[in-house]
Amino acid sequence: MKHRTPFSSVCREDPLSLLPFATQAPFNAYGRRHEPACLPDTRVDLLQGIYDWADGEDGKDEQCIFWLNGLAGTGKSTISRTVARRYDEQKRLGASFFFSKGGGDVSHAGKFFTSLAVQLAFNVPSLRQYICEAVTKRSDIASLSPPEQWRQLVFGPLSNLQSELCQTYILVVDALDECEDDKDVRIILQLLAEARSLTTVRLRVFLTSRPEIPIRSSMHHIPQAEHQDLVLHNVPLTIIDHDISLFLECNLGIIRQEWALGADWPGEVVLEQLVLRACGLFIWAATACRFIYEGKRFARKRLDIILKSSSSAITAPEKHLDEIYLAVLKHSISLEYLEEEKEEVRGMLKYTLGSIVVLLSPLSTSSLSRLLHLSKEDVDWTLKDLYAILDIPEDQTRQLCLHHPSFRDFLLNKDRCGDFWVDEKKAHQILAAGCIQLMSQTLKKDICEMHAPGSQASQVDSTWIEKCLPPEVQYACLYWVQHLQRSGSQVHDGEEAHRFLQAHLLHWLEALGWMGKTSEGIQAILSLEAHVPVSYLSIICRNLTNLSLG
């Protein structure tokens, strides 16, 4: 039986298609469709203050940056989505970029400015011409430095606008602290601050992050008159408690109605106790509601578990968050198991969750099982009671992810999670080994069966490439070197990584070529220097030379 031809027609490229774009960056990306905005009547004063700043009604027109910072779980991203949606509806959202650690293209700054430029070209039609001209003039713009990308793709085109005088556009940059390189964070802030000097248009940057040192330090270098700051966890607790109460009342009401729990459930007293235990953290309230909801007919019992596991309100907010995460994890291990069975389940939890929280880009449960060399049933069984902390799509080909990055912080901190602690270096080591084993079993010469040297990825149907190189194999090709580096391992003669490089170096580079990621492969090889014996580097370089000459 012959394969359907994988070749597809090649259309003349739109200049914008030459700009790398992080598909999960915008606030309304498909992968973010279930992420909520603020409920009506919550965050009222806070949001109004942001809108007054953005609309120039606060009397501080020169403040081009609004920095909303706060502790993990205080609701920063929900506020960002609300702000982005408002200005999108008003046709005044220039672009949005939601950083996410472990989120692939949104975990670093590599596609930050190019993604902003693509969105600006679509959201501000009069900008499209100038951005396209910049790309046509410098087709290699995506490989230039961040300052060059900012000035040629964003600042320059905005400076050329004539008809948009006094118009205001908003950029929303969420969770900047989750950008993995602190140097990139500083550069981003320095460049965004240049928006103040635009005269043809008013550009306002709404920025959120945790109060991490690199961001605090960079903000201090921007003149105080040019930015407005709001510390979210300094908002009076009475206001936050009011909003959390509305949040709990709404979500528990849905649970009450769906599981027919009776008109008096959970009652005002219990609601007040839950608000007290949330300690100002929306993520605590959200996790509690998901845990209760997933209990279905045991919703009452799960509410009792939460109330009994929570300590007094005088403890730190982080302690309360730890307790609810521990409650979810402990509940996933049945009390009816024998002790050795409990240990086995706990070990599988740590093995699977540890891999999930250190993934460098999300995977589906199907892909994760193949990468970890576990049966799909084992992965499904391990995760079946963890919907309160994991977003697990019904469509098992779609990516699973954490509901909130605070769970990663919790799981990787031995002092916080006790018996469930995951050794981060060991987790990276497990994934590096899984990647190498999967590639060794899968990669081969002419993996896309072209039988035609010189074939290009742009000429091949993307569905055919994904059939030959499924998501978990593409993940392994892209990230095995990074996992190896983060595990602290070395590649010595005879080890699996060394054997892989000897047998499959060119197969790996060919696969990266089909994925359109050859440059990433070259960069990975260069970064391998500290992990590969000097004698073997010459073999790698010779293979690369032969490949380039061929």
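No value in this document is a laboratory result; all are computed from the given coordinates. Here the structure is a predicted model, which means the values were calculated and not measured. Backbone-built Cβ (ideal geometry, glycine too); neighbour counts: all protein chains shown.
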Along the charge dipole of the chain, pointing to its positive end and built from +1/-1 on Cβ of Lys, Arg, Asp and Glu, which listed residue (Trp284, Gly354, Ser145) has its Cα farthest out?
Ser145
Using a Cα-Cα cut-off of under 25 Å, which lysines could be cross-linked to Lys467, ignoring same-chain neighbours fewer than 8 residues away?
Lys2, Lys376, Lys444, Lys445, Lys517
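Could you sort 228-237, 260-269, 395-404, 364-373 so that the peptide with the highest average Cβ count within 10 Å comes first and the rest follow in order?
Details: 228-237: 14.8, 260-269: 11.5, 395-404: 17.3, 364-373: 20.4.
Descending packing order for the listed peptides: 364-373, 395-404, 228-237, 260-269.
Counting only DSSP beta bridges with both residues in the chain, what percent are antiparallel, rounded to the nearest 5? Spell out each step's value before the answer.
On the way: 4 of 25 bridges.
Here the share of antiparallel DSSP bridges comes out near 15 percent.
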Testing the spin-label approximation: label points 7 Å from Cα along Cα→Cβ at Thr23 and Lys414. State their distance in nm.
4.0
For Lys101, give me every one of the lysines with a C-alpha distance below 17 angstrom, ignoring sequence neighbours fewer than eight places off in its own chain.
Lys76, Lys111, Lys183, Lys425
Per the C-alpha gyration tensor (a ≥ b ≥ c, the square roots of its eigenvalues), the chain is rounded if a/c is under 1.5, else prolate if a/b beats b/c, else oblate; here it's oblate
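Rank-order 518-528, 104-114 by packing density, defined as the average count of other C-beta atoms within 10 Å over each peptide's residues, highest first.
On the way: 518-528: 15.8, 104-114: 21.8.
Going from most to least packed, we get 104-114, 518-528.
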Quick calc, the chain, dipole around Cα centre from Cβ unit charges on Lys, Arg (+) and Asp, Glu (-), nearest 20 debye, gives 900
Protection proxy ranking of 78-89, 119-130 - average other beta-carbon atoms within 10 Å, highest first:
78-89, 119-130
Which of the three applies to the range 15-232, rounded, prolate or oblate, going by the alpha-carbon gyration tensor with a ≥ b ≥ c and a/c under 1.5 meaning rounded?
rounded
I'd like the Karplus ³J(HN,Hα) series for the range 509-525: coefficients 6.51, -1.76, 1.60, θ = phi - 60°, whole numbers in Hz, and an x wherever there's a Gly or Pro.
5, 5, 4, 4, x, 5, 7, x, 10, 4, 4, 5, x, 4, 4, 5, 5
How would you classify the range 237-331 from its alpha-carbon gyration tensor, with a ≥ b ≥ c the square roots of the eigenvalues: rounded for a/c under 1.5, else prolate if a/b is greater than b/c, otherwise oblate?
oblate
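Place a +1 charge on the Cβ of each Lys and Arg in the range 125-257 and a -1 charge on the Cβ of each Asp and Glu, then give the dipole magnitude about the Cα centre in debye, rounded to the nearest 20. Mind dumping the intermediate values first?
Numbers: 12 positive and 18 negative charges, 99 e Å.
My answer is approximately 480 debye.
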